[in-house]
Amino acid sequence: MQGPISPGSMKQDEALHRAFADQYELDSPFPDEMMQPDRSLRPHWQEFVSILDALKPEEFRQRRDLARRLIHQNGVTHNVYGDPDGMDRPWSMDFIPLLIPAKQWDVVCEGLVQRALLLDRLLADLYGPAETVFSGILPPELLWANPGFLRSCHGIRLPQNRWLHLYAADLARTEDGRYEVLSDRTQAPSGTGYSLENRIVTSRALPAVFRQCNVQRLAPFFISLRETLAELAPANNQNPRIVLLTPGPYNETYFEHSFLARYLGYTLVQGNDLTVRDTIVYMKALGGLQRVDVILRRVDDNFCDPLELYPGSYLGVPGLLQAVRRGNVAVANAIGCGVLQGPGFLPFLPALCRFLLGEELKLHSVHTWWCGHADILEYVIQHLQELVVKSAYPTQGEDPIFGQTLTQEELFALERKIRARPARYVAQKQVMSCTTPALVGEQLQPRRFVVRSYLSAYGNSYTVMNGGLTRITQSNESLVVSLQKGGRSKDTWILSDSPVSPVTLLPPSTQPIALSRGGSDLPSRLAEDLFWLGRYAERTDSQARLARGALVRMSDQSGIENSQAIETLASACRAKPILAHGTELEREFIDRLLGNVKEVELRGTVSNVHRLARVLRDTISNDAWRILNELYRAVSGFKVAPTLPSAGVLELLDNLIVTIAAFVGLATDSMTRGQAWRFLDMGRRIERVSFISKFLQDTLVNSGGDPVLLEAILEISDSSLTYRRRYLTHLESHAIADLLLADETNPRSLAFQLSLIDQHLAALPRDISHPDRNYDQRVLLKMRSSIQLADFIELCSLPGDESHDKFDALLSGILSQVDELSEAVAQLYFSHAVVSREIGGLREESDS
């Protein structure tokens, strides 16, 4: 490894930089972060470049590929609306970080802290006395006409009178080398989790470079955030219950929500996980309702409470605003902070800073003109081609308009639009002139960039993250920095002048911790999602085994002699019978099993597995996520050949069965035997009971002793080996029925599943106030009794007589009862509605 390069040895050591620096295609006329105009390295890049130059080209590529693999293995995604792969688009990170020297960053931090204090004070004023408006400093149009101003929040008293707990600013580097603020993020700033993920990836891919460059740590920021949120709790200050409220898995940054919840140790919840009773917020958990003290929200203001804000919202919690108003729960950021997210306030911040803080603004915004003043409007119209036009109010995904990209007709149309409602628009000077190196394929190319910096409230001030989320343009000609528009991200390294001490969120080794063998009570929604993940995973396995058994016999050259058995198996795969025969049977079977739409049988089931796995990202392990993600990729990417439909299908089915077995094995071997595991396993067991019952009803009841069909039943049920050990090769229907229905020693039998379900139900908490708290156990007892009392020798006589009807009725009754059991579990553990009942002529209500 090469040490730091002193100025006196620049010429001698320039050769060290040749391999990395000479490939940099710096054709931009704008200042560059790494190179000076004479192509010499800037001082704070010298150490980084010298270490990279010491790496052999092959090792450099290996480290770059390692970074890509880590992103893929960790399942880092950023959902892109409208993209065909948008729901699972891998996070795009550039391998070369942005380097900022400590002295330069200290100046920026001082301005950021002042700016956060100013905006917090401004929010308190706007939702309070509004002196900034009545004194004439702030135009009333920016407040009263602003859709982000929530009148329901006016006059609310907040803990510590703090509105802004988490703040972010988008910084652009101008031609004169200063950082200026492009926009303020005050509502629910995103990107902190992605910043942390970028840091984890780059520090693992370039560990020696990271250490030797003395990169400052991100952990202090998250430590201050955790302490601040804990101090907000209105009750239970010693051990507050803090949750992270997410819009759900279809949000573009859902991965970040689950990643942050796990990192910070909070419960990830959606709106329907919470309920408000008597102005107190509760989380719906298996053991009952649990009070919530603090909500770290990632849901936009208007969607937080459908009762008082946007009535069509399914993302928020009805009654949340009233709970905040009563001081029974703290929300960070406070509901209503989004009013400042529009750029209309930027031109007035210097005057507001003098009025509210008695200071001059230290960190300036990009030059911005609000069109609500007549003289400024004329200036903007005259210079429209040189400026960037934006909405003055907070918007949802509205792109800025760059005047230089418009035709003359488009400029006239834009002018008419602005003149019609001038108070709704601002114009900004076009900036982002500086570039930074980015690895594009095998080449280094300059890209324009924006740094999103983050601050957390701490005490009476704010803590700045020593890093941030740097975003770069898709090309050097692009004017928009947006991950939705093909841009990429970078890790941001703040370089210290001395070695940096490691900082972690984990408690110090000298601090003893209390031993614990239990876990927190599981939220009801997570229990339900785990339950259905188990059901859909088992359904995938069952469908794949049944399809494989049928397809193997279709492909057999001697299949003509066994056509009746084949058609029985093929029809058992579908709720609707397959009407084709002969050679057309195989084609129709595969098309209905693996057609190119998600609604077909196997493809639809795998899609449901993947959907639930995405929701449970913060609950299941990374290995489990990778297994289920590969399962989805294998099925969703499979194309049925038009000329030879069976090509590759058997191999795909084999892989599906092995993949599901890997997931089940991982869950069995790795999950603690808590509530999460019980619901996942119970879902699998209930689904297997349903499959066995329906499968035997479709096949064994009508088998007529056909040896081909009986052999297929054992193979699909994964019980061939067990049967042969007991009965050799003599196939009898009643022996198969006993093995698959009543034998509690057979892991594939119905009785084995019911026994395990009974153990799970007995271990789960029960609300004694629920009127039907034991209904699930009573249904299960009926099922077990019907199996134990069955005489399979009598039931498996030849079809057509009364015994055949009894066997069919037995299985139909089990199918009906298993649906009752699933519904009973849902009513007892997944629903928390208020149940009313009459007792002795009096009306009583209980939470169920």
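Hey, can you tell me all the residues within segment 289-313 that are within 30 Å of residue 227 (Cβ to Cβ) and open to solvent by 20 Å² or more (accessible area, probe 1.4 Å)?
Quick first cut of segment 289-313, residues within 30 Å of residue 227 (Cβ to Cβ) only: 289-305, 309.
289, 290, 291, 298, 300, 302, 303, 309, listed by residue number.
Checking the conditions here, which among 516, 558, 621 is surrounded by fewer than 20 Cβ atoms within 10 Å (Cβ to Cβ), at pLDDT 75 or above and of a type outside the set (D, E, K, R)? Going through 516, 558, 621 in turn, just one is surrounded by fewer than 20 Cβ atoms within 10 Å (Cβ to Cβ), at pLDDT 75 or above and of a type outside the set (D, E, K, R): 621.
Filtering segment 249-262 to residues that are surrounded by 18 or more Cβ atoms within 10 Å (Cβ to Cβ) and not polar (S, T, N, Q) leaves 249, 252, 254, 255, 256, 257, 259, 260, 261.
Only residues that are open to solvent by 40 Å² or more (accessible area, probe 1.4 Å), modelled with pLDDT of 90 or more, part of a helix (DSSP H, G or I) and out of contact with any strand residue (DSSP E or B) (no Cβ under 7 Å at 6 or more places or on another chain) were counted in segment 388-424, giving 10.
Do we find that residue 463 is in a strand (DSSP E or B) and open to solvent by less than 20 Å² (accessible area, probe 1.4 Å) in this structure? It is false that residue 463 is in a strand (DSSP E or B) and open to solvent by less than 20 Å² (accessible area, probe 1.4 Å). Residue count for segment 137-155 under the criterion of being closer than 13 Å to residue 393 by Cα and among the hydroxyl-bearing types (Ser, Thr, Tyr): the result is 0. When residues in segment 229-248 are screened for being over 16 Å from residue 190 (Cα atoms), open to solvent by 10 Å² or more (accessible area, probe 1.4 Å) and at pLDDT 90 or above, 5 of them pass. Just one of 712, 676, 735, 762 is among the aliphatic types (A, V, I, L, M), touching a helix residue (DSSP H, G or I) at 6+ places or on another chain (Cβ under 9 Å) and within 19 Å of residue 787 (Cα to Cα); which is it? Among 712, 676, 735, 762, only 735 is among the aliphatic types (A, V, I, L, M), touching a helix residue (DSSP H, G or I) at 6+ places or on another chain (Cβ under 9 Å) and within 19 Å of residue 787 (Cα to Cα). Every listed requirement among (1) touching a Phe, Trp or Tyr at 6+ places or on another chain (Cβ under 7 Å); (2) at pLDDT 90 or above; (3) β-branched (Val, Ile, Thr) is met by residue 657 save one, (1). Tell me yes or no: at least one residue of segment 668-675 is crowded, with 20+ Cβ neighbours inside 10 Å and closer than 30 Å to residue 806 by Cα. No: segment 668-675 contains no residue that is crowded, with 20+ Cβ neighbours inside 10 Å and closer than 30 Å to residue 806 by Cα. Just to be sure, is residue 198 closer than 21 Å to residue 496 by Cα and surrounded by fewer than 23 Cβ atoms within 10 Å (Cβ to Cβ)? Taking the combined requirement at face value, the residue does not satisfy it.
Is there a residue in segment 181-191 that is among the aliphatic types (A, V, I, L, M) and closer than 25 Å to residue 263 by Cβ? Yes, that holds for at least one residue. Scanning segment 54-65 for residues that are in a helix (DSSP H, G or I) and open to solvent by 50 Å² or more (accessible area, probe 1.4 Å) gives 54, 57, 58, 59, 61, 62, 63, 65. Per the conditions (1) open to solvent by less than 10 Å² (accessible area, probe 1.4 Å); (2) aliphatic (A, V, I, L, M); (3) out of contact with any strand residue (DSSP E or B) (no Cβ under 9 Å at 6 or more places or on another chain), the sole criterion not satisfied by residue 208 is (1). Exactly one residue out of 689, 701 is in contact with a helix residue (DSSP H, G or I) (Cβ under 9 Å, 6 or more places away or on another chain), crowded, with 19+ Cβ neighbours inside 10 Å, in contact (Cβ under 8 Å) with a residue 40 or more places away in the chain and outside any helix (DSSP H, G or I): that is 701.
The values are calculated or read from the model by the stated rules, or taken from the named source; none is laboratory data. Remember, predicted model here, so these are calculated numbers, not experimental data. Neighbour counts run over all protein chains shown; Cβ positions are idealised from the backbone, glycine included. Side chains included, ligands, DNA and RNA excluded: accessible areas come from the protein's heavy atoms. Shrake-Rupley method; radii C 1.70, N 1.55, O 1.52, S 1.80 Å.
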